[in-house]
Amino acid sequence: MSGARRSSLRHSLLLSGLTRAGLALTGLAVVCTLPVGSVHADATPEVPVVRHADGEKLSLELIMSDPMWIGATPHSPYWSLDGETVYYERDRADSDGDRELVRLALNGDGEDEVVTGAAWASVDSDEVTFNGDRSAAVFTRHGDVFHRDLRSGSLRQLTRSAARESNPFFLASGAVAFERGGQFFVREPDGLEWQPAAVKVGEDPSDEELGEDYLSRQQPRLFEVITERQRRRTQARERRTARLIEDPTAPPRTFYLGEKVDIVSRSFSPDGHSLAVITAPEKRDEGRDDKMPEWVTEDGYVNIRDVRHKVGTASQWTHTVTLLDAEQHEHFSVDFSGLPGITDDPLADLRAAAAARQAEQAAGDAKDSEAEDAEAEDAEAEGDDESTKSEPRPVRVNDMRWSPDGARVAFQVHSYDNKDRWLVTVEPTAESAKAPSTVHRLSLTGWIDWNFNEFGWLDNSRLWFLSEATGYSHLYLHDLADASTRQLTEGDMVVSDPTLSPDRSSFYFVANDRHPGRFDVHRVAVDGGSPERLTSLPAGRLTYRLSPDGERLLVRHATTARPPELFVQAAKAGAQARRLTKTVSERFADIDWVKPEIIGVPSSHHDRPIYSRFYPARRDSRLRDASGRIPAVVFVHGAGYLQNAHMGWSGYFREFMFHTLLAESGYHVLDMDYRASAGYGADWRQAIYRHMGQPELEDLQDGVAWLVAEHGVDPERVGVYGGSYGGFMTMMAMFKDPDLFAAGAALRPVTDWAHYNHPYTSNILNTPDIDPEAYGRSSPIEFADGLEKPLLICAPMLDDNVFFLDTVRLAQKFIELGKEDWEVAIYPVEPHGFRRPSSWLDEYRRIFELFEEHLVPDAGS
């Protein structure tokens, strides 16, 4: 590798769109610099091209252009209620994310029709609720409630107002209930609209609030007129209340939930008798918001936005659930303090160690290591004593569902630390609310998954739910009558998207039973038995919607090299799927894309392969060195918990196309589902608990070793790049194992997890105050001194997910360390996910140039 190539990457901050002879920002001064050894226009490496059948060139300009050139991919497909029409959304050309609704009649000529104007009056929604015998359905559109009679097909609009109605459903009486302005209303078949109960925050103004001071107590004791006045007020209030109860035309009585609370969610029982209300403390500390400057504005002045708070800065608080009896006007709180394990503290040891550190700092004494150990042990013992107290952990109630008859309500309760999840049921009585019945408890050392939390009622006495109790998400059925739980699916596969059949005899679901990266629709009887696989489409990834009559599947299916299309088939094993859409453009279809191979890279750290996408090089003469070896690029997907080595169309579609260009240019490309990735069960996900960056790095090391051993890759010429979590891992690899990669590009990277958000980070690393060790060993900025090879950082400045501040702080660290081989390209108007094609193009030109600069063998070598 030439010195000129190595010296061209240096610590200048480059504005998007400028050449390397760009603007370098040093403090507040702006100076124009020409980096030593910079690549001039006439020396810029040529980007490879792939030709269409007609000779048109595929270029970075095309790959990074508006993705509409690929085709108008169908999104969010659903059935009409009569099952004769399919609806889906597609992006509008030049609309910046705006979509249009398309209607496709299954018994017609197959032509798509965009829904416009008066046609909206007949459209069903994608989210509907049926009545008991499925003869009618209700839904909302544009914030109004609609009723569809499935026997006649007639559609009736029930509301039409500026207010937004939501969550419509049928009561057992046949009336339709819905939510408006934070209150529930009922629309009777005869048109009467009434309110079952009013719920407000605050104290009941009719309650006598006698003062607690001496004079307030003295007055009624001394003066009969005061006592009489109070007695009359009480009698008048009781008479008014009695009239309200006796008069069937009177408005509802109001429930007052007390002061200093916020209503989070509410639910109305199907029998029309009860409400469940979730509240949170009004003045809860959500954490201090950070600030984000917006530099390119319409008025020319810098605008400062408030953005999210950082991990661990909010206080812990708990949800309160109140059950309201609308008929008797009684209310009572649900007591979750008796849930099994709720008083256990899985972080007790860490809290004890944190207390010991704080005590040492407060004392200011320099103790020897032996004394420190003794103090830590004492503090840990004290922490254990504290943890045995009957103080329940704070909890959040994430969802609630009433049984069909309204006799019970089920709650899904999560501990604030997200290490426990309880599914509980309560009857709407004071006695039951004191002792909820636990249906299932899921407890994990790491954290409860963001997914796989669906649950619902099969009937009035049975609940179904998903759980990772075995290490994989599976479907379970619990019978309240005998407190028995039956597991309906099993094996090393991930079950998701369960749907109960209309006749309530079976469940449909998606699972990757054949291969971690291949997904199919399955069905299993509620009474048990072996699940049956229903779909037989080519290996890929899919989602589905069951038809209203339960007879057909609407499937959105994709393969590695083709975006999703819609198919319909009978809901039977072995049924043939009929393709409904053909949205991929001929321009895209004519390109000879490199279809990635889905392979399992052997691991040196565990007994499971690391599934990966492998793009083999197509041409290598230009990049092969004298010993016959070629370079490679490792792509690291983002999100951490995301699956990319599957057999479907990747969300990283630009990278898929970019990898074809790299392969055409002579690079092998490897894209790994490192530990932390989705699709492989709880153990794979939780392998990074309290140590992000290390298990993943070990997997990347195994990937490079596989490329070298199996595909003749030069270990000195392997590059790496990725965005977000992939940017974080690019840095961790380059800082902790400087010889692993010759160059890397970190896009919108997390550099310090203490600056990321709470919901994501606290699950994996706990919080910085009690687990600073986890943050110290998981944050790239702590290992910045390890940078030895060229690093490109691409940072959007309007990123409210991973703040631009992350990059700024790392840049200052590099400057103080005297590091040279790094540069930052900034994108002033872009958020975390780029929107402008010009920004995408600029970013990937720089990435390609980086690899051409540092992975191509020197002439004559």
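Observations on the model:
To keep it simple, each residue is scored yes or no on (1) within 21 Å of Tyr844 (Cβ to Cβ); (2) touching a Phe, Trp or Tyr at 6+ places or on another chain (Cβ under 9 Å); (3) not basic (Lys, Arg).
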{"residue": "Lys57", "(1), (2), (3)": "yes, no, no"}
{"residue": "Asp66", "(1), (2), (3)": "yes, no, yes"}
{"residue": "Trp69", "(1), (2), (3)": "yes, yes, yes"}
{"residue": "Pro77", "(1), (2), (3)": "no, yes, yes"}
{"residue": "Ser80", "(1), (2), (3)": "no, yes, yes"}
{"residue": "Gly83", "(1), (2), (3)": "no, no, yes"}
{"residue": "Val86", "(1), (2), (3)": "no, yes, yes"}
{"residue": "Leu101", "(1), (2), (3)": "no, yes, yes"}
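- Top-ranked residue of the range 618-639 - restricted to ones that are at pLDDT 95 or above, part of a loop (DSSP other than H, G, I, E, B) and among the small types (Gly, Ala, Ser), ranked as surrounded by the most Cβ atoms within 10 Å (Cβ to Cβ): Gly638
- Scanning the range 475-518 for residues that are under 28 Å from Ile610 (Cβ atoms), open to solvent by less than 20 Å² (accessible area, probe 1.4 Å) and touching a Gly at 6+ places or on another chain (Cβ under 8 Å) turns up Val494, Asn512, Gly517.
- Test result for Ser838, assigned to a helix (DSSP H, G or I) and in contact (Cβ under 8 Å) with a residue 24 or more places away in the chain: yes
- Subset of the range 738-790 (residues that are closer than 13 Å to Tyr721 by Cα and under 29 Å from the mean Cα position of the chain (by Cα)): Gly744, Ala745, Ala746, Leu747, Arg748, Pro749
- Sole exception among (1) within 19 Å of Gly71 (Cα to Cα); (2) open to solvent by 30 Å² or more (accessible area, probe 1.4 Å); (3) out of contact with any His (no Cβ under 9 Å at 6 or more places or on another chain) for Arg541, by number: (3)
- Checked against (1) modelled with pLDDT under 90; (2) in a strand (DSSP E or B); (3) not acidic (Asp, Glu), Ala242 meets all criteria but (2).
- For the range 634-687, the set of residues classified as at positive phi and out of contact with any Ser or Thr (no Cβ under 7 Å at 6 or more places or on another chain) consists of Gly640, Gly666, Ala676, Gly679, Gly681, listed by residue number.
- Qualifying position, being buried (at least 17 other Cβ atoms within 10 Å of the Cβ), of a type in the set (Ser, Thr, Tyr) and closer than 29 Å to Arg187 by Cα, among Thr320, Thr313, Thr279: Thr279
- Among the residues listed as Asp290, Asp285, Asp306, the single one being within 30 Å of Tyr775 (Cβ to Cβ), open to solvent by 40 Å² or more (accessible area, probe 1.4 Å) and outside any loop (DSSP other than H, G, I, E, B): Asp306
- Residue match in the range 377-387 (condition: modelled with pLDDT of 95 or more, open to solvent by 60 Å² or more (accessible area, probe 1.4 Å) and outside any loop (DSSP other than H, G, I, E, B)): no
- When residues of the range 127-155 are limited to those that are open to solvent by 60 Å² or more (accessible area, probe 1.4 Å) and under 30 Å from the mean Cα position of the chain (by Cα), the one nearest to Thr583 (Cα to Cα): Glu127
- Strands (runs of 3 or more DSSP E) within the range 505-596 that include 2 or more residues under 27 Å from Gly110 (Cα atoms): 518-525, 541-546, 552-559, 562-570
- Filter pass, Ser779 being open to solvent by 10 Å² or more (accessible area, probe 1.4 Å), hydroxyl-bearing (Ser, Thr, Tyr) and touching an Asp or Glu at 6+ places or on another chain (Cβ under 8 Å): no
- Of all residues in the range 338-352, those satisfying the criterion of being touching a residue at least 40 places away in the same chain (Cβ under 8 Å) and either among the charged types (D, E, K, R) or farther than 17 Å from Gly446 by Cβ (or both) are Gly338, Leu339, Pro340, Ile342, Thr343, Asp344, Asp345, Arg351.
- Residue in the range 771-789 that is outside any strand (DSSP E or B), in contact with a His (Cβ under 6 Å, 6 or more places away or on another chain), over 27 Å from Thr313 (Cα atoms) and of a type outside the set (Lys, Arg) present: no
- Only one of the numbered conditions (1) in a helix (DSSP H, G or I); (2) open to solvent by less than 40 Å² (accessible area, probe 1.4 Å) is violated by Arg845, and that is (2).
- Selection count, the range 793-819, where residues are part of a loop (DSSP other than H, G, I, E, B) and either surrounded by 20 or more Cβ atoms within 10 Å (Cβ to Cβ) or out of contact with any His (no Cβ under 6 Å at 6 or more places or on another chain) (or both): 8
- Wholly enclosed strands (runs of 3 or more DSSP E) of the range 656-761 bearing at least 3 residues modelled with pLDDT of 95 or more and open to solvent by 10 Å² or more (accessible area, probe 1.4 Å): 713-723
- Selection from the range 65-88 of residues that are open to solvent by 20 Å² or more (accessible area, probe 1.4 Å), assigned to a strand (DSSP E or B) and among the aliphatic types (A, V, I, L, M): none
The values are calculated or read from the model by the stated rules, or taken from the named source; none is laboratory data. These numbers were taken from a predicted model, which means no experiment stands behind them. Positions of Cβ are generated from backbone atoms using ideal geometry, with glycine treated the same way; all protein chains shown enter the neighbour counts. For accessibility, only protein heavy atoms count, side chains too; no ligands or nucleic acids. Shrake-Rupley method; radii C 1.70, N 1.55, O 1.52, S 1.80 Å.
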